[in-house]
Amino acid sequence: MGTFRLLVLATVAAGGVLLAPGRASAHALRAKITVAETVKVEAYFDDDTPAEFADATVTDASGAEVLTGKTDARGVWTFPLPKPGTYTLRVKSIGHAAQVDFPVEGEPEAPPAVYAPGRMNTPLALALGLLLLLGVSAVSWYRTRRR
């Protein structure tokens, strides 16, 4: 019975490690950029609330400031298409910051190009972690019963 308890404890500990966030971002700021005939910035928090009146800065590849502005009450800021090149958007709001790199081509692309850092869907991540825990538990239980 001592081995079984040890396996259960190890499974629970592994589950805690697997389900713990990689970094603490309870209210992280995110930004999405759509490049078409103009550049549209959408700044928002993890809970999908808009980053109202956030400060935004666009710099070129050399780090020189190209544009500055503020998002509106919906967390949106639109500006004219700059000359072709690679740019970096930095958005700051109430102590949080987001950064997105985006290219501007010579001609606007037919469908707008959208640039946003990816993130895993939270319910999907929890479901995968739970399945992994159940799988480890089942293997441990089966190996214990075979003995």
Would you work out if segment 56-97 is rounded, prolate or oblate? Take a ≥ b ≥ c from the square roots of the eigenvalues of the alpha-carbon gyration tensor; rounded if a/c is under 1.5, else prolate when a/b is larger than b/c, oblate otherwise.
oblate
Sequence-distant or interchain residues sharing an amide H contact under 5 Å with Ala28, placed H: which?
Asp46
Taking amide H positions as placed 1.01 Å from N in the peptide plane, with prolines and chain starts having none, which residues 5 or more places from Leu81, or on another chain, fall under 5 Å of its amide H?
Val39
Using θ = phi - 60° and the Karplus form 6.51 cos²θ - 1.76 cosθ + 1.60, what ³J(HN,Hα) does each residue of segment 4-9 get, whole Hz, x for Gly and Pro?
4, 4, 5, 5, 5, 4
At a 10 Å Cβ-Cβ cut-off, how would you order Arg30, Arg74, fewest neighbours first?
Arg74, Arg30
Under 13 Å between alpha carbons, and skipping anything fewer than 8 positions from Lys70 in its own chain: which aspartates and glutamates qualify?
Glu42, Glu52, Asp55
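Taken together, the values in this text are just the output of simple stated rules run on the coordinates, not laboratory data. Everything numeric here is computed off the predicted structure, so don't read it as measured data. We place every Cβ from the backbone using ideal geometry, glycine too, and count neighbours over all the protein chains shown.
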